[in-house]
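The next block holds one structure in the form of structure tokens; read it before the comments.
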Amino acid sequence: MINPDVQRQLEVFRKNSVDLIEEGSLARHIAKSLESGKPMRVKFGMDPSSPDLHLGHAIPLLKLRSLQELGHQIVLIVGDATAMVGDPSGRNKLRPQLTREQVEENLITYTEQAGEVLDLGATEVRRNSEWFDGMNFEELLRLASRMTVAQMIERDTFQTRMEANEPIGIHEFLYPLMQGWDSVEVKADLEIGGTDQLFNLLVGRRLQEQTKQAPQTCLTLPLINGLDGRKMSKSYGNSVGLTEAPNDMFGKVMSMEDGVMESFYRMLTPLDDAEIVALLAGHPREAKARLAEEITKVFHDGESASGARDAFDRQFREKKLPEDIAECVYDGDWAEEGVPFFALLRGVGLAKTGSDARRIIEQGGARIDGEVIREPTSLVRRPESKLLLQVGKRRFAWVLPR
RNA sequence: GGGGGGAUUCCCGAGUGGCCAAAGGGGUCAGACUGUAAAUCUGAUGGCAACGCCUUCACAGGUUCGAAUCCUGUUCCCCCCA
């Protein structure tokens, strides 16, 4: 007969999970933890290889938060040593190796961003350089001998790359071993990761067994797709950053493809199944606006979420001016007869280059005080008080005379 | 150690002496449309006070009236054999 408290916790662990290896041992872990009052040690590794976290990263973080709320001990591993190797998971290319300095920079912003979701005060944050920096060559060899090449190249990412004649660095074989070794060092009871992490998580299990520890439970969570339905990645430009301002977060969610909504609803909002189904059955625009609001609420608060919604409606449905238009000055000289429009656009940063400015203007994308101007070289005189420049639908600037 | 293939613009990838600022796709930007920063469609996408000029096809030289393309050297990568 299973203890109802265990059952209840198990539900929290299981929600949205893809792989759970394996459930029986997890139940025993939970029961033991409840009995002894000792929290489980839940490990999650972050690889500070890029400085920004996005909504995809938020999924495991939200899971960690709910486990934290159950009283378990979150052990956040900052992979400052592993980052210098580069995780081959889900990659068909050699990752660039980072330097210490780059890693150090990323690390700070990283933990800050994780703190948006997790209670860092109750979290054990460890860097894995703590144990890897002190490892000598003999120990490294011993670690490397814990797996075979056959086991390693079994991985689909390595297979794919070999077939595509893409390079694989020897050091990349070390990555799973290092991540696994982290589990040994922190005596993890459970490790969480995206589905692309399953291999690495299982290596941790293997290493723990080899070193006579109880093997960790491995829990994987779905990788969320980006706004366009492809894998979410900053380099695809389809991600939403965790720390983006409410208006941007709302707007970006509004720009997602309809088909992606459901997974976002399930992974990132607290709404229950019935409610999600009902919303998705309704008007798609309404469903998306609600989703955008819910997500903004999770990472900011209710007030800024509804504020973002109002601002969005005002700007894009009613086509009114947004409330917070940046003010700027033209840093060149206002000649007596005025400056060419394209030079002004570039000067205030609404276009990257003069050519860019000309293109925008020629295509009818630029307005002065609401009026489309199509001639790049038409002269604009220094304004008396201020001038409203607009590029496209959502870039505005007030130009002050200085 | 030997043999073969490769490096092109933000990314992927065509281009093997002039028709090349360089096909196509992705991304991005703009326009039309509306349910919206969606989808779809259209256009643009090296720089420059601009019907012209300047810079770019790994790097450095060379051949040629003319080089992304040919030659020499250098760096990096992939494959096969040992």
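Bear in mind that the values in this text are calculations on the coordinates, not laboratory data. Quantities reported herein were computed from a predicted structural model and do not represent experimental measurements. No Cβ is skipped: glycine too gets one built from the backbone with ideal geometry, and neighbour counts run over all protein chains shown.
Per DSSP helix of 4 or more residues, -39500 (n - 2.57); summed, then divided by the residues of chain A. What does that give at 222 nm, rounded to the nearest 500?
Working: 17 runs with 179 residues, N = 402.
It lands at -13500 deg cm²/dmol.
Straight-line cross-link partners of A:K288 among the aspartates and glutamates, defined as a Cα under 15 Å from its Cα and at least 8 positions apart when in the same chain: A:D228, A:D248, A:E257, A:D258, A:E262, A:E275, A:D310, A:D313.
Taking the longest Cα principal axis of chain A as reference, the axis of helix A:284-299 is set at about 70 degrees. Note on A:T82, A:T269: ascending count of other Cβ atoms within 10 Å places them as A:T269, A:T82, the fewest first. The phi-based Karplus calculation (6.51 cos²θ - 1.76 cosθ + 1.60; θ = phi - 60°) puts the 3J(HN,Hα) values of the stretch A:151-166 at 5, 6, 7, 4, 4, 5, 5, 6, 4, 4, 5, 5, 5, 8, 6, 8 Hz, whole numbers, x for Gly and Pro. Assuming charge only on the beta carbon of Lys and Arg (+1) and of Asp and Glu (-1), the dipole of chain A about its Cα centre is about 520 debye to the nearest 20. With the charge dipole of chain A set up from +1 on Lys and Arg Cβ and -1 on Asp and Glu Cβ about the Cα centre, the Cα lying farthest toward the positive end among the listed residues A:I77, A:N238, A:Q208 is that of A:N238.
Provide the gained length on full extension for the span A:T195 to A:N3, in nm with one decimal, where the gain is 0.36 nm per separating residue minus the Cα-Cα distance.
Values: separation 192, 0.36 × 192 = 69.12 nm, distance 2.94 nm.
Full extension from A:T195 to A:N3 adds 66.2 nm.
For the stretch A:95-168, trypsin sites (Lys or Arg not before Pro) are listed when DSSP marks them as loop and at most 11 other Cβ atoms sit within 10 Å of their Cβ; the list is empty.
Within 10 Å of each candidate Cβ there may be at most 13 other Cβ atoms; applying that plus a DSSP loop requirement, which trypsin sites (Lys or Arg not before Pro) in the stretch A:206-247 survive? Of the trypsin sites (Lys or Arg not before Pro), the ones in loops of the stretch A:206-247 whose Cβ has at most 13 other Cβ atoms within 10 Å are A:K212, A:R230.
Basic side chains Lys and Arg get +1 at the Cβ, acidic Asp and Glu get -1 at the Cβ, and with that the dipole of the stretch A:300-342 about its Cα centre reaches some 420 debye. Considering only A:P176, A:A305, A:G354, and ranking their Cα positions along the charge dipole of chain A that arises from unit charges at the beta-carbon of Lys, Arg, Asp and Glu, the one farthest toward the positive end is A:G354. Under a 10 Å cutoff between Cα atoms, tell me which one of A:L201, A:L64, A:L321 has the largest fluctuation in the Gaussian network model of chain A. Judging by the Gaussian network model, the answer is A:L321.
Can you classify the stretch A:158-230 as rounded, prolate or oblate using the Cα gyration tensor, where a ≥ b ≥ c are the square roots of its eigenvalues, rounded means a/c under 1.5, and otherwise it's prolate if a/b beats b/c and oblate if not? Because a/c hits 1.5 or more and a/b fails to exceed b/c, the stretch A:158-230 counts as oblate. With K and R counted +1 and D and E -1, the other residues having a Cβ less than 11 Å from that of A:E35 yield a net charge of +2. Can you pull out the trypsin sites (Lys or Arg not before Pro) in the stretch A:4-93 whose DSSP state is coil and whose Cβ has at most 14 other Cβ atoms within 10 Å? Answer in residue order: A:K15, A:K93.
Using mean Cβ contacts within 10 Å as the protection proxy, how do A:333-340, A:219-226, A:349-356 order, highest first?
On the way: A:333-340: 12.6, A:219-226: 20.8, A:349-356: 14.9.
Those peptides, ordered most packed to least, come out A:219-226, A:349-356, A:333-340.
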